[in-house]
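Structure, as structure tokens:
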Amino acid sequence: MNLNELVNLKEIKIKQRNEMLQSVEQITKELEALDTVLSMLQKTDVGINITPIQHPTTTIEQSQAEGYGSLTKNVKRAISQFPGIWDKNDIMASIGKVDDGSLAGCFNRLIKQRYIEIVQKGSGRRPATYRKINNVTIFNKKE
């Protein structure tokens, strides 16, 4: 083999490798999406009967005009629509586009208040998943 043939062979191999890497990325994304759906189905009480997301009547612009705490109110309203596990994309699909920092701050407040909990931390492009905590107060009867 001469130098030109080796250079051409290398270019072909690089192209093949890049195509394979793109295929692996696409398959990985599809697997992550399937895992998310399966996880949601396994964690819900309703099995495969998933209720459609009902969008609130207020828009983000209206809620921002409402003032302090309106994002949290809208997020809580959206959370109540999900019987199982959800992520930030589900919330944004329900309430509309929200600044990521504001939404993260809202989630952190709700975690501190023990209103929600993290089911699985996010990784790369896969967002963290959450669920609402069913708060049950148990009173000890003194005898």
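The values are calculated or read from the model by the stated rules, or taken from the named source; none is laboratory data. It should be emphasised that the depicted structure is a prediction, and the values quoted were computed from it without experimental measurement. Every residue, glycine as well, gets a Cβ built from its backbone with ideal geometry; the counts of neighbours run over all protein chains shown.
Things to note:
- The residues of region 56-70 that are in contact with a helix residue (DSSP H, G or I) (Cβ under 8 Å, 6 or more places away or on another chain) and either modelled with pLDDT of 90 or more or in a loop (DSSP other than H, G, I, E, B) (or both), listed by number, are PRO56, THR58.
- Those residues of region 79-94 which are under 14 Å from the mean Cα position of the chain (by Cα) and touching a residue at least 24 places away in the same chain (Cβ under 8 Å), in sequence order: ILE79, PHE82, GLY84, ILE85, TRP86, ASP87, LYS88, ASN89, ASP90, ALA93, SER94
- Yes/no for ILE118 being at pLDDT 90 or above and under 13 Å from the mean Cα position of the chain (by Cα): yes
- Exactly one residue among GLY96, GLY47, GLY105 is at pLDDT 85 or above and on the phi > 0 side of the Ramachandran plot, and that residue is GLY96.
- Screening LYS73 on (1) of a type outside the set (A, V, I, L, M, F, W, C); (2) at pLDDT below 50; (3) surrounded by 10 or more Cβ atoms within 10 Å (Cβ to Cβ) shows it passes everything except condition (2).
- Filter result for ILE91 (among the hydrophobic types (A, V, I, L, M, F, W, C), modelled with pLDDT of 90 or more and in contact with a strand residue (DSSP E or B) (Cβ under 8 Å, 6 or more places away or on another chain)): no
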